[in-house]
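Quick notes on the structure that follows.
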Amino acid sequence: MGTEAESVILHVDMNNFFATVSCMMHPELAGKPVAVCGDIEKRHGIILAKNNLAKQRGVKTGSTIGEARFFCPDLQFLPPDGALYMEYSRRARDIYCGYTDRVESFGIDECWLDVTGSLRLFGDGVTIADDIRRRIREELGLTASVGVSYNKIFAKMGSDYRKPDATTLITRDNFRELLWPLPVDDLLFAGRATKKQLHLYGINTIGDLARADFAQIVSLLGKCGAGLWQFANGLDRTPVRTEDSAPPIKSIGNGTTAPRDLVSDEDVFITMRVLSDSVGARLRAARLRCRTVQIEIRDKHLSMLSRQCRVPYPTNLAGEILDAAFSLFRASYCWDMHNTPIRSLSVRAANLEPEDDGAQLSLDFDIGRHLRTEALERTMDGLRGRYGDRCIRSAVLYSDPSLSDFTPRTEQCF
Ligand SMILES: [Mg+2]
């Protein structure tokens, strides 16, 4: 430790947030198993959250309504209430802001707080954490678990370590003992694929990763491996970002769970058309273009495939985004081989750059055609802005209205 004060960072995670907030609005459901899920009739019926009773009966987040009912026939359903969740999230944030102005949201129910500058006023990290937990309980009727540490990654792991309603302190002295025995995918940003890959090399726990040779991990996992190795060794130095230092938008995407299983190229094309229209319009509204298009495909068994490609030149046109997304799909999904219908899709524009940064347009690119299409899409944006999203649509969407009849923009709350 140098002369600089050691950072004190809290990660607050409200426990079982969505189900608890929803249930508070429905006291008549007290003592019953309850799940929050989307529109039952449109089959957006995937369990988004469940209360403890439902959990004990085997109801799992991500399963379908049918599966959940199989385990728990008397399961009660509530629709998600985005406005209510936002309200509780804001009230929690108001509590945090009483301790520090350095508050960074991570989803709707989690926040990091840098309280390094607040210790003299409010006591040490654990004291502040306990105080915040008490206030969330008393003022919001919710419980939270809080991790206290000297970096963001360990603070986050602390809030997972013991819950509900607990404070866990992870220090430079105890992190090996507490965190190293945990499975490696408990590390933030270490996904299933990474876990599998590391497993091949006998790296199963966070401690295994931390003790592995840095260069070897980098050669195995690239830049992302370097980050994970540092996290495992307590070397994360990312600052808590305050609202005004929010990073520029990194990507713009839209996804949907289709009202029925997608079983053909045409089904996928129609769905991607709606998603790409929205992504294009949002890019134009933000005055951005993308250099990369990404797609995500989730099949009936919720296994996921994601692919990305670079587009020939930066674009914010729905048609070009669609072309890229659909070619990616054709190149990566084989109906016969996967032999399973698709449940949800997303289209995302990444590698964004400002619109007026037009210098890099390549020479072989037909600028006249591009500008005409752009003018057309902007006219459509204007019409939709005035008369609603549905006033003008691609003809292909009418070939199966049951698939195209959704508004992707509103389906991103989770
Ligand atoms: Mg939570």
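Computed from the coordinates by the stated procedures, all read-outs in this text should not be read as laboratory data. Computed from a prediction, not measured in an experiment: that's the story for all the values here. Glycine gets a Cβ as well: all are built from the backbone with ideal geometry, and neighbour counts include every protein chain shown.
Tabulated data
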quantity: Translational diffusion of the chain, µm² s⁻¹ [Kirkwood Rh, Cα pairs; Stokes-Einstein; 25 °C; 0.890 mPa s]; calculated: 102
quantity: Tensor-based shape of segment 254-350 (alpha-carbon gyration tensor, a/c under 1.5 rounded, otherwise prolate or oblate); calculated: prolate
quantity: Computed magnitude of the charge dipole of segment 26-80 (debye, nearest 20; Cβ of K, R +1, Cβ of D, E -1); calculated: 180
quantity: Set Lys163/Lys195; Lys152/Lys250; Lys55/Lys152; Lys195/Lys223; Lys60/Lys156; Lys55/Lys223 screened for pairs whose C-alpha atoms are more than 27 Å apart; calculated: Lys55/Lys152; Lys55/Lys223
quantity: Equivalent ellipsoid, segment 26-80 (semi-axes from 5 times Cα gyration tensor eigenvalues, Å); calculated: 16, 13, 9
quantity: Highest average packing first - 100-111, 186-197, Cβ atoms within 10 Å; calculated: 100-111, 186-197
quantity: Computed Kirkwood radius, in angstrom, where 1/r is averaged over Cα pairs of segment 160-246; calculated: 14.0
quantity: Cβ-placed point charges (K, R +1; D, E -1), dipole of the chain about Cα centre in debye, nearest 20; calculated: 400
